[in-house]
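Structure record follows, encoded as structure tokens.
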Amino acid sequence: MILNEIRQEKIKVQNLFFIDTISKYLGKTDINQNDNVVYIDDPANLTEIGIVAKLSIEKIKGKKMLIFDSLTTLSLYNSSKNLVRFYNFFFQLSRLNQIETIIIALESDIDKEILNNINGLVDEVKTYGK
């Protein structure tokens, strides 16, 4: 779904930067070190995720896009209140720096309070069928 939209926009994959918040936490040992990927130790550490994302955004030249995959995963490790504050920070950062931001979440698996709060911060919500 998202990958198809990325291809339609003709975004170069080498211009993508990933922050993996779960692989190290789950004990994955065959992690490939790559300049385009940072592995976070703990998905509950929103401060670390925020710092890494902000520094990563500053490194990217030209048009920028921020994709969070997934709100559902972060909601398993963080309180609703902290997660809404975290995303509010990123929406403000995105707007100030003219960064298009996409958040991926499974509506059926997300706390309705989080979803309602975040819906109020974004310009558009897209839903996809199964």
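For the reader, a short list of remarks on this structure follows.
- A single entry from L93, L74, L115 fulfils the requirement of being within 22 Å of S23 (Cα to Cα) and in a helix (DSSP H, G or I): L74.
- Taking every residue in segment 32-56 that is under 25 Å from K81 (Cβ atoms) and pairing it with any residue that is in a loop (DSSP other than H, G, I, E, B) and among the small types (G, A, S), at least 6 positions away or on another chain, the pairs with Cβ-Cβ distances below 9 Å are I40/S23.
- The conditions of being within 24 Å of L106 (Cα to Cα) and either surrounded by 15 or more Cβ atoms within 10 Å (Cβ to Cβ) or modelled with pLDDT of 80 or more (or both) are not met by L3.
- Qualifying residue in segment 51-61 (condition: closer than 29 Å to K12 by Cα and not in a helix (DSSP H, G or I)): yes
- One residue alone among L26, L55, L96, L66 is of a type outside the set (F, W, Y) and surrounded by 13 or more Cβ atoms within 10 Å (Cβ to Cβ), and that residue is L66.
- The residues in segment 29-52 that are at pLDDT 85 or above and loosely packed, with under 14 Cβ neighbours inside 10 Å can be counted, and the count is 4.
The values are calculated or read from the model by the stated rules, or taken from the named source; none is laboratory data. What you are looking at is a predicted structure, and each value in this text was computed from that prediction instead of being measured. Cβ sites come from the backbone with ideal geometry, for glycine too, and all protein chains shown count toward neighbours.
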